[in-house]
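The values are calculated or read from the model by the stated rules, or taken from the named source; none is laboratory data. Here the structure is a predicted model, which is why all the values come from computation and not from measurement. As a convention, Cβ positions derive from the backbone with ideal geometry for all residues, glycine included, and neighbour counts pool all protein chains shown.
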Amino acid sequence: MQLFFSALIGYLLGSISFSYLVGRYKAGIDIREHGSGNAGATNTLRVLGKQAALIVFVADALKGVFSVFIGYLVTKSDAGMAVGGLAAIVGHNWPVFFGFRGGKGVATTIGVVISVVFLPGLYAGAIAILLLLATRIVSLASLVFLTILPVTVLLSGRPAVYFWMSIVMAAMSYWRHRSNIVRLVQGKENRLGR
């Protein structure tokens, strides 16, 4: 029951779409009807600019942080933190408040990662950031980050539940990025600045 409540609260927090709210507030638009159609920080950057994107990124990441924290308060366990964090990502990707049309969960995933597997996430993140600087392709950097993360978590000796959490996060990310993967293979994926 405690895990259920952790998941429920995490999902509801994750379902708050800050890109949608910022888009409505700043420009009176549904961000999902512009740019790539994705409700996340990268599309907010393309459509509304750096300031709006930063607000969305930080707010989305904090959803992950708070969901992990609530999972700990409710269960006092690693499993509760992992479940709360995963539920927040699910909520971001498929938000109940916004017709289940959400984002790809990268910022919320980063919030979860820094809350429970900070050092393994830092190692994976450093590689992803270098790749992003070299290619300017956000989707590629995100996918590489979540591909490397289970390995760094496993090598770090963290509890096994976090390894399995990172596997589930990677699977969700690959599913949400499936159209990006097609464009990456075709050499047609968008780059930052275009």
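Below is a table of values for the structure above.
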item	result
Scope region 107-144; condition outside any helix (DSSP H, G or I) and hydrophobic (A, V, I, L, M, F, W, C); matching residues	Val117, Ile137
All positions within region 106-131 that are within 27 Å of Lys188 (Cα to Cα) and free of Cβ contacts under 8 Å to residues at least 40 places away in the same chain	Ala124, Gly125, Ala126, Ile127, Ala128, Ile129, Leu130, Leu131
Conditions (1) of a type in the set (D, E, K, R); (2) over 12 Å from the mean Cα position of the chain (by Cα); (3) closer than 21 Å to Ala39 by Cβ; number of the one not met by Lys104	(2)
Boolean, Gly103 is without any contact (Cβ under 8 Å) to a residue 12 or more places away in the chain, outside any helix (DSSP H, G or I) and of a type outside the set (D, E, K, R)	no
Top-ranked residue in region 149-194 [being part of a loop (DSSP other than H, G, I, E, B) and not basic (Lys, Arg); ranked as surrounded by the most Cβ atoms within 10 Å (Cβ to Cβ)]	His177
Qualifying residue in region 67-81 (condition: touching a helix residue (DSSP H, G or I) at 6+ places or on another chain (Cβ under 6 Å), surrounded by fewer than 21 Cβ atoms within 10 Å (Cβ to Cβ) and among the aliphatic types (A, V, I, L, M))	yes
Among residues of region 24-70, those that are closer than 19 Å to Asn190 by Cβ and either acidic (Asp, Glu) or in contact with a strand residue (DSSP E or B) (Cβ under 7 Å, 6 or more places away or on another chain) (or both), counted	1
Scan of region 82-116 for residues that are buried (at least 24 other Cβ atoms within 10 Å of the Cβ) and among the small types (Gly, Ala, Ser), ordered by number	Ala82, Gly84, Gly85, Ala87, Ala88, Gly91, Gly102, Gly103, Gly105, Ala107, Gly111
Unique residue being under 30 Å from Lys50 (Cβ atoms), at pLDDT 90 or above and among the aliphatic types (A, V, I, L, M) when the list is Ala160, Ala170	Ala170
Residue match in region 60-78 (condition: among the polar types (S, T, N, Q) and farther than 30 Å from Arg158 by Cβ)	no
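For every residue, the table says whether it meets (1) modelled with pLDDT of 95 or more; (2) not acidic (Asp, Glu).
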| position | (1), (2) |
| --- | --- |
| Gly14 | yes, yes |
| Gly28 | no, yes |
| Glu33 | no, no |
| Gly37 | no, yes |
| Thr44 | no, yes |
| Ile70 | yes, yes |
| Ala88 | yes, yes |
